[in-house]
1. What is the chain's relative contact order, in percent, from Cα pairs under 8 angstrom and six or more apart in sequence?
2. Helix 75-87 against the longest principal axis of the chain: what's the angle in degrees, Cα atoms only, rounded to the nearest 10?
3. Roughly how far apart, in whole Å, are the Cα centres of the range 51-79 and the range 28-44?
4. What nm value, rounded to one decimal, do you get for the distance between residue 70 and residue 216 when each label is placed 7 Å out toward the C-beta?
5. What does DSSP give for the chain in terms of the percent of beta bridges that are antiparallel, rounded to the nearest 5?
6. Counting pairs of alpha carbon atoms under 8 Å apart in space and at least six apart in sequence, what relative contact order in percent does the range 95-213 give?
7. Within 10 Å, count the other beta carbons around each residue, average over each peptide in 190-198, 219-227, and list them highest first.
8. Do you know the relative contact order of the range 140-285, to the nearest whole percent, from alpha carbon pairs under 8 angstrom that are 6+ apart?
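Just so it is clear, none of the values below were taken in a lab; they were calculated from the coordinates. Note that this is a predicted model, so its numbers are computed, not measured. A quick note on method: Cβ atoms are made from the backbone with ideal geometry, for glycine too, and the neighbour counts reach across all protein chains shown.
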Ligand code: NDP
């Protein structure tokens, strides 16, 4: 079977172009959607994520603010900052970059963001709305994946969907979104028995585990659509060769950077078995940022309704 690579980058560009058109229309009415990204500490990956998010905001004509706080910020100090952003008229979306340092009560902080400005979709009110199906703001990664499945015309109604990973950020909201589209959903985790057999039932298989290349060919049904959410950094040359093969251009990338990214799905195994697969990088990652922009726009439109 020929396996298609689902181009997340291309779909993310389409979503961003659509957002930019709506932003321009709002600006003509004197409204500029605004996103505030709050970063506590100096976590290198988080710094890159926040920089990319604010840069994308600016590219789409949105207002953006980066609030960088020292690693020893307390829960009380962060609550005060969130409170001022909740009251700011320039800000439609508030993003608290995770992970937060250990001394901070994450849940208290996430719950303090106004649900109307919760563009990550993590607030219990927004999670509740997602459960009922009456939602505006839902988590960006699963929303981006849904957008891709729809734009690629992957049949959802009655499809067997298996999700591996039950996090609040990815797995659980992914299950709800697929359920709302009438898929038959199975949500797996570390205690699932005979995981390969459960995964082989899937017409749509979503891997959100955080374990490099765990989903090998024996987890995949012929003709399945495989969505790889995982982002794992591999730093061993022998592992890179084993995963990608000696001829792969990844060997050169690895030689230059000392590491390379691999998803939760084996980078070569699905080819010839699955109908379609998302690459890492260039699959789900770009869709997450694009949907954050869309959520900021949606939050702005809802606030000015
Ligand atoms: P979490 O660590 O919060 O959750 C991982 C899930 O995988 C858990 O439910 C865990 O089960 C399950 N799991 C772990 N090991 C196994 C196993 N051996 N068999 C079956 N299930 C297992 O991860 P996240 O959901 O936050 O992230 C998952 C991956 O996706 C990571 O690589 C992360 O970097 C990436 N990610 C990518 C994004 C993107 O934009 N592309 C956005 C968000 C995340 P249990 O609950 O039983 O412990």
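1. So the answer I get is 23 percent.
2. On a 0 to 90 degree scale, this one is about 70.
3. Between the Cα centre of the range 51-79 and that of the range 28-44, the gap is 5 Å.
4. 5.0
5. 10
6. After rounding, I find 22 percent.
7. Going from most to least packed, we get 219-227, 190-198.
8. Dividing the mean separation by the residue count of the range 140-285 yields 23 percent.
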